[in-house]
Every structure is written in C-alpha cells, then in structure tokens.
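This report refers to the structure that appears directly beneath it.
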2 protein chains.
Amino acid sequence: MSLVVQKFGGSSVADVEKIKNVARRVVDSKKRIDHVVVVVSALGDTTDELVGLAAQISKLPPEREMDMLLSTGEQVSMALLAMALNELGQDAISMTGQQVEMLTDTGHTKAKIRHVGAERVIQELRKGRVVVVAGFQGVTSEGEITTLGRGGSDTTAVALAAALHADYCEIYTDVDGVFTADPRVVPEAHKLEQVSYTEMLEMAATGARVLQSRSVEYARNYNVPLHVRSSFNVGEGTWVKSEDDIMEKAIVSAVTHDFDEAKVTIVGVPDKPGVAASLFGGLADSNINVDMIIQNVSEQARTDISFTVSQDDIEKVRQVTEEIVSALGAEGSNFDDNIAKISVVGAGMRTHPGIAAGMFKTLAENDINIEMISTSPIKISCVVRRDDGEKAVKALHDHFGL
Amino acid sequence: MSLVVQKFGGSSVADVEKIKNVARRVVDSKKRIDHVVVVVSALGDTTDELVGLAAQISKLPPEREMDMLLSTGEQVSMALLAMALNELGQDAISMTGQQVEMLTDTGHTKAKIRHVGAERVIQELRKGRVVVVAGFQGVTSEGEITTLGRGGSDTTAVALAAALHADYCEIYTDVDGVFTADPRVVPEAHKLEQVSYTEMLEMAATGARVLQSRSVEYARNYNVPLHVRSSFNVGEGTWVKSEDDIMEKAIVSAVTHDFDEAKVTIVGVPDKPGVAASLFGGLADSNINVDMIIQNVSEQARTDISFTVSQDDIEKVRQVTEEIVSALGAEGSNFDDNIAKISVVGAGMRTHPGIAAGMFKTLAENDINIEMISTSPIKISCVVRRDDGEKAVKALHDHFGL
C-alpha cells in the first residue's frame, strides 16, 4: 500500500480557482497512490491579513490569542479543499491539528511538535478518503491551540509523513524545485535532481528559501524523502533524501546567497575570558539568532569581535550591543548592513580538498574582497560587499561548472 | 458573587473600532459585575463571505465541512476581542466551543446542544479573567466541530448562562430593545420595559426579529432572564423573563407583522382521512416549516386546504405540492406571495375576552379583508393582502392603545 503526504502552500491555494486546481491534482494522485494525505496552508495572504488585524488592536497581543486567530486561516483552506474534492467525486474529510493529534509543547506562535497521534487519519484513509489536514497548527495536551511558526505547514506535512510511515512527502510550491543558484541571479542555474538532507540544511541556512530548515531537519531525523516540486506543472522537482541513498555525490551542489544579513563589529574589547560569553549570552537572551562569528587575533590585550545577524533584528541588536559595549569597557561598535553572504555547498567537499582555495581564488580574480569566512564540512561562506553579491554568485556558479 | 453573560452580535463587532468599543463596554461591566462571560458572533459579514466562498466550490458542500469553514468566523472575533481586553489591562482569555465543552448532537449546520460543561470557564473566571467564547459553534462527543444554525450565538449565550447559573444574560444588538411594533412601520411604537418568555416566543414566531425563538425557548426552560439592549448606547433595553416575575401583565403587548410568507391553497381535495397527513408529512420530509394551516368546511366530499410557508421555501413547496396534488387526485393548487401576516400578542389576553373581536372590527373599519385567522391563548394572527399590511399594523397599534 502506497501512502504519500502532499503539502500545498499559500500561493497554491490563493483563490477558489487554485483550490479547484489543487483538488484536480490530488484526485489525479489518488489514481496512482493508495492513500493520500494533503496538508494546506492558509489562502494566499490570509495570515498577513490576520496579523494586520491584530496589530490594529495591540502592539503585543497575547501569543495564545495570536494562535487562536492565525489557526483559522488553515481551517478555512482545508474545509474549502475538502469541499472541492467531494465536488469532484473524491470522498474527502478535513481535520484540524487537534483532530490529527498534532501534540505540541506550549510555546505559542513557535510550538514544537511532541507527538503525532494520527490514529483517526488512518481510520479515515482506510475508508478510501483523502484526508485534508490544516498545516501550521497543533494542540497542547491541555487542548490549547498552538501554531508552529514560520514554515510550519512544511513541518506539519513532514511530521505526518513520519508518523504515517509515508513513502515520501511532496512539497508543492511556486518554483520547480531546488536550483544550483537563485535563477533570478544566475539565469543558467539549473534544477537539481537530488540533494542530501545535510546539503539542503546548509542551503537553507545560507539563503535558499525553498524549504525551512526545521522541516528538513525533521525529515532527516525520521528519514522521510521529500519531493519539492511545482504546483503549477507536473514535471519532476528535486528529491531531498539521505546521503546514503544518493549514489553520485556532487562535489559542489549549489551556490547560495543571503543579502539580508548585517555585520556588527565590536572594537577594542578587553581580551579576557568570558567576554564572548557575556556578549552572545546577551544576544541569545533577547532571542536574536547570530549566524557567523569571528574574533580577530588579539593585540595589546584588546580584540575585535564581528558577527552577522538578520537585518530584521538590527534594532534589537543595536540596543543589546550598546549595553554590552559599555559593560565590557570596549571602545565602540559599528553596524554594516551593506553586505552579502555567498556560500558554496556540496556533500562531496568533505573528500575533495581545494574547494575553499578555488572559491577564494575565483573571488580574488573578480576583484571581490572577502570580509569574513566561515566553514562547515560541506559548506564555505564568505561575506563580501553587497554590491559584489550578484557578481560573486555568478562567478562561483561558473567556476564550479554548475 | 454576580455573574453575567453578554452576547455581542456581528454588527457590534463589525470592525476593529467596534471591537475596541465592545472591549471598553465589557471592562466597564467588569467594574460592577464579579464575573463576565462574553459570547461573540463573527465580524460583520464574515459568515456570508465564507458561505459565498463555499458556494463557488460546490452547490451542496458537505455539511461537516461547512461547519469547519463557518466556525472560523467566531474564532477570529473572539481572539481579537480577547486581545482588545488585554490591551485595556483586563486579563481575558478566548475559548472555542470545544474548550467550553458546548456538546451538541451530530446535526451539522443546525446542531442541538446536549450539554454544557463550562468547567474550564469557571476556572478562568476564578482567576479574575473575562472569558470570551465563540458563539454559534459546538463540538460532538467525537470531537467534530458543529454549528448551531441561525441565531446560534444567542443560543450559545443563553446555554452558557444556564450552565453557569448566571444572574442574567444580556443580548447586545443594533436596536434599543423589543418594541410594541416595528418602528419603521409605526413611528410611535415604544420600547417595552419587559415581556414574558411566552410573549417573546409568540412575537418571534409572528415576525419580530430581535431574538430567535430557539434562544428564548432555552431561556424559558432554564429560567434565564434576558436583557435585550443596544450595543451603541447605555440605556436600559427590554427584559424578557418569566411571567411569574412580571407583576403588571399587559393585555396586548405588541403588534407584529411578517411580510415574508406565502399562502398555498390546494383546491378540491378528496375529503377522506389521511389527506392532511400525507400533505404535511411530505412537506416535513422536505424540511419545510409550515406556519398557519386552514381547512375549509367540506362540501360534496371535497375540501380546500390553505397553509402559509416562508417565501424562501416557495420553490421547494411548489415541487412537493404538485406531486401531492396529483397523488391525492386534487383539482389543483395556487400560490400567493402577496400576503401579510399581522398578529396581536399579549399575555393578558388569556383572561380578557374580546381582543379577537376588537382586532377583526379594527381591520373591518379600515376596509381590510381577512383571508386567514389563527389563534393561540396569547396571540391572534390574521393574513391580509400585502398592500394592507402597514395600514393594519398602524390601526391595531392605535386601537390597542400601545
């Protein structure tokens, strides 16, 4: 018996006509697949509209009430899709996060999944029904409604696929798959047939937006193959799966970029134990994600520390940093949001030395200055000037023959 | 300890500003009342918009999925109102039909309440919180979401008031209370200080739209005093309560009208047992509510049967009637939607004969022909030509000195 979970995002269910298209697509799948579970996001911009309503009422609404509000979006789209399926003669039933027992912790607006019951999903599938599940939402053991945060519907789909031992999980989106680089920057970029979970995680962390890291991690942990594909055409997309299942490992799979980070430098920090801990502890307490961190060699008992953060967080970072600068007796700080982070990702890198050297040489040949470097076993990231960003991506895509 | 349930309808929470107004009003009440529970409808026209979306997808969507869809409307408004209350410094929490244990039968789109748990409501009230409850929705013992049908939010409010042994239940609406006649027809109509449940039921059944019969019946069964009042001003409205609690019983409390009925006459029906049963059985099977029924005296073994139904049902009625006419061997049928039903309602009527005579005389003096008559111990209804409707209401309002 085959079982597949299909997830359709907000742009795939943006209006009634698109919902009907999705229904036709699901009916088509059901001819080939024994059991189909569909996870949907809210219609188009619904979530943003609801956030806008809340913002008119309160700057800081209670997170529990935000979840009550936002979870309605997916409930609307799942009911409409179930109606559209029934209209096509395909027996279908919609289910809330509560009804599929998507149990989470109590972390409202960013809840983590604890357990997926899915017993009722199985019962309904056995009746020959398509089960349409509200993405993004869960429930605590006390019956409180939660939401899973950004990219939550992908996580819902992967978690259900894991709980149901699905053959694979399809993520339908508005692009054709995962590309060797952003096609808007590199027109010659091509779709990857497959990438490993680890590569996909590095790509997501370095700027590829097609999948959220969290759902990929979940898929890796439960070994759920993902198929990222377009909801607007029927071509194959990109498979994301275990490295063990990928025979031919590319040395470099993709060049990614992130133009939305900012660099912070704290100058003249007294070079003594505990300084980094107090700085990054302070940032963590304010819920700020720090990406790259570099500490320069110390001279005369003082050192410089640089790090990058999301531009969205820059005001919060400025506040925390300035407090810490004065607490540490540092000389000052500066903020630079005119940067680009360019990364080269590939599982084969582990066993092929010289990739980093090739990257640095390519950037040098193109007169691009490197400001920060950070590496993992399968990724090298460089921070360059924002103006050099596109040029760097193109040159590297070309150099590595992608 | 005082406890009051307040219900705000869709027009009272039509937009963000109105929601903020309701929040201020609730905060004000909380200063005088120990425990306040608020029941809300969906924002303005939300329910109609959702029905419209479903209609674009299916002419006959599964009722279970309609309930999934429609129940989101109240979930949005309750979350926004809870946010607005918290913003004013009033601790508040919203709760779904499931969370307040509004247990219903499985009659999707028109479910009946079986039991109200409300334990968690009490817990939250004890913490000093205002509890905001989604009107119109319930849950079956299997965890399926249901809705209560037209006027469902009023019923939610009354059912909660009964379960919580509330002092009374306030129904906030866009009119000032219950009037002696529709002020749009009779400008001199005045607001009633109080009416009995029975009178209110007769008034609702004969065309007064301020309260749905179902919530009044529920209130009568559990003896919950209702206070119908305006959400836009602070004046007293109309109290609806037990007849025993009303000292001065008016002979005639109000003149009501219904311009939305149609009269059906089946001519030349064979006069034998079982004819009425088969006719009205057929209509009931098609879920058509019949209001007045009149059977004329039989002549030559044939009789005429007339009845009134809602104009909304006329197409269904036509279909059922024509089948039955041919099955019964009747001579034919005719349909007339150019009628008005005018009623006089008053609890004192029981002990004061002559009200019917006064009504008929008044209509005669105004040259208004009566086509059908129907009575109950506290009500007399006459069907007249639609063109005579307004004139009849004015004349009767004047005659009975209201």
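The values are calculated or read from the model by the stated rules, or taken from the named source; none is laboratory data. Please read these numbers as outputs of a predicted model, since none were measured by experiment. Cβ: placed from backbone, ideal geometry, glycine included. Neighbour counts: every protein chain shown.
For segment A:87-98, the set of residues classified as small (Gly, Ala, Ser), buried (at least 21 other Cβ atoms within 10 Å of the Cβ) and either at positive phi or assigned to a loop (DSSP other than H, G, I, E, B) (or both) consists of A:Gly97 only. Can you tell me which residue is farthest from the other protein chains (Cβ to nearest Cβ) among those in segment B:99-117 that are assigned to a strand (DSSP E or B) and buried (at least 22 other Cβ atoms within 10 Å of the Cβ)? Filtering segment B:99-117 for residues that are assigned to a strand (DSSP E or B) and buried (at least 22 other Cβ atoms within 10 Å of the Cβ), the one farthest from the other protein chains (Cβ to nearest Cβ) comes out as B:Ile113.
Among the residues of segment B:2-48, the one identified as within 10 Å of chain A (Cβ to nearest Cβ) and either more than 22 Å from B:Phe232 (Cα to Cα) or free of Cβ contacts under 8 Å to residues at least 12 places away in the same chain (or both) is B:Glu17.
Right, B:Thr46: under 16 Å from A:Thr46 (Cβ atoms), of a type in the set (Val, Ile, Thr) and in contact with a Gly (Cβ under 7 Å, 6 or more places away or on another chain) or not?
On the way: under 16 Å from A:Thr46 (Cβ atoms): yes; of a type in the set (Val, Ile, Thr): yes; in contact with a Gly (Cβ under 7 Å, 6 or more places away or on another chain): yes.
So B:Thr46 passes the test.
Is it true that some residue in segment A:90-98 is touching a residue at least 40 places away in the same chain (Cβ under 8 Å), within 12 Å of another protein chain (Cβ to nearest Cβ) and of a type in the set (Asp, Glu)? No, because not a single residue in segment A:90-98 is touching a residue at least 40 places away in the same chain (Cβ under 8 Å), within 12 Å of another protein chain (Cβ to nearest Cβ) and of a type in the set (Asp, Glu). Scanning segment B:49-84 for residues that are facing chain A (nearest Cβ under 8 Å), within 23 Å of the chain's Cα centre (by Cα), under 24 Å from B:Val37 (Cα atoms) and among the hydrophobic types (A, V, I, L, M, F, W, C) yields a single hit, B:Met78.
Considering segment B:240-284, and only residues there that are in contact (Cβ under 8 Å) with a residue 24 or more places away in the chain and acidic (Asp, Glu), the residue that is farthest from B:Gln212 (Cα to Cα) turns out to be B:Asp271. When B:Ala364 is tested against (1) within 14 Å of B:Val264 (Cβ to Cβ); (2) at pLDDT 90 or above, exactly one condition is not met: (1). Counting only residues that are under 23 Å from B:Ser376 (Cα atoms) and under 17 Å from the mean Cα position of the chain (by Cα), segment B:223-256 holds 6 of them.
Give the residue that is farthest from the chain's Cα centre (by Cα), with candidates limited to residues of segment B:154-179 that are surrounded by fewer than 21 Cβ atoms within 10 Å (Cβ to Cβ) and at pLDDT below 95.
First, pick out the residues of segment B:154-179 that are surrounded by fewer than 21 Cβ atoms within 10 Å (Cβ to Cβ): B:162, B:165, B:167-168, B:174-176.
Now restrict to residues that are at pLDDT below 95: B:174-176.
Values: B:Asp174: 15, B:Val175: 15, B:Asp176: 17 Å.
Selected residue: B:Asp176.
Of everything in segment B:350-375 that is over 22 Å from B:Lys263 (Cα atoms) and of a type in the set (S, T, N, Q), the residue that is surrounded by the most Cβ atoms within 10 Å (Cβ to Cβ) is B:Thr362. Picking from residues in segment B:320-349 that are free of Cβ contacts under 8 Å to residues at least 60 places away in the same chain, among the polar types (S, T, N, Q) and surrounded by fewer than 13 Cβ atoms within 10 Å (Cβ to Cβ), the one that is farthest from B:Val255 (Cα to Cα) is B:Ser326. Checking A:Thr146 against (1) more than 14 Å from every other protein chain (Cβ to nearest Cβ); (2) part of a strand (DSSP E or B): exactly one of these is not met. Which one? Among (1) more than 14 Å from every other protein chain (Cβ to nearest Cβ); (2) part of a strand (DSSP E or B), A:Thr146 violates only (1).
For segment B:202-224, how many residues are farther than 13 Å from B:Thr155 by Cβ and not in a loop (DSSP other than H, G, I, E, B)?
Matching residues across segment B:202-224 total 3.
Go through segment B:119-135 and report how many residues are within 14 Å of chain A (Cβ to nearest Cβ), surrounded by 14 or more Cβ atoms within 10 Å (Cβ to Cβ) and outside any strand (DSSP E or B). Spell out the reasoning first.
If we filter segment B:119-135 for residues that are within 14 Å of chain A (Cβ to nearest Cβ), which is where we start, we get B:119-121, B:123-124, B:127, B:129-134.
If we keep only those that are surrounded by 14 or more Cβ atoms within 10 Å (Cβ to Cβ) as well, we get B:120-121, B:124, B:129-134.
The next check asks that each one be outside any strand (DSSP E or B); those that pass are B:120-121, B:124, B:129.
Of the residues in segment B:119-135, 4 are within 14 Å of chain A (Cβ to nearest Cβ), surrounded by 14 or more Cβ atoms within 10 Å (Cβ to Cβ) and outside any strand (DSSP E or B).
Name every residue in segment B:182-201 that is in a loop (DSSP other than H, G, I, E, B) and either among the β-branched types (Val, Ile, Thr) or surrounded by 24 or more Cβ atoms within 10 Å (Cβ to Cβ) (or both), in order of residue number.
Step one: list which residues in segment B:182-201 are in a loop (DSSP other than H, G, I, E, B), which gives B:182-190, B:192-193.
Passing the criteria: B:Val185, B:Val186.
Looking at this structure, is A:Arg220 closer than 25 Å to A:Ala14 by Cβ and among the charged types (D, E, K, R)? It is false that A:Arg220 is closer than 25 Å to A:Ala14 by Cβ and among the charged types (D, E, K, R).
The lone criterion from (1) touching a residue at least 24 places away in the same chain (Cβ under 8 Å); (2) surrounded by 16 or more Cβ atoms within 10 Å (Cβ to Cβ); (3) more than 18 Å from A:Ile171 (Cα to Cα) left unmet by A:Ile57 is number (1).
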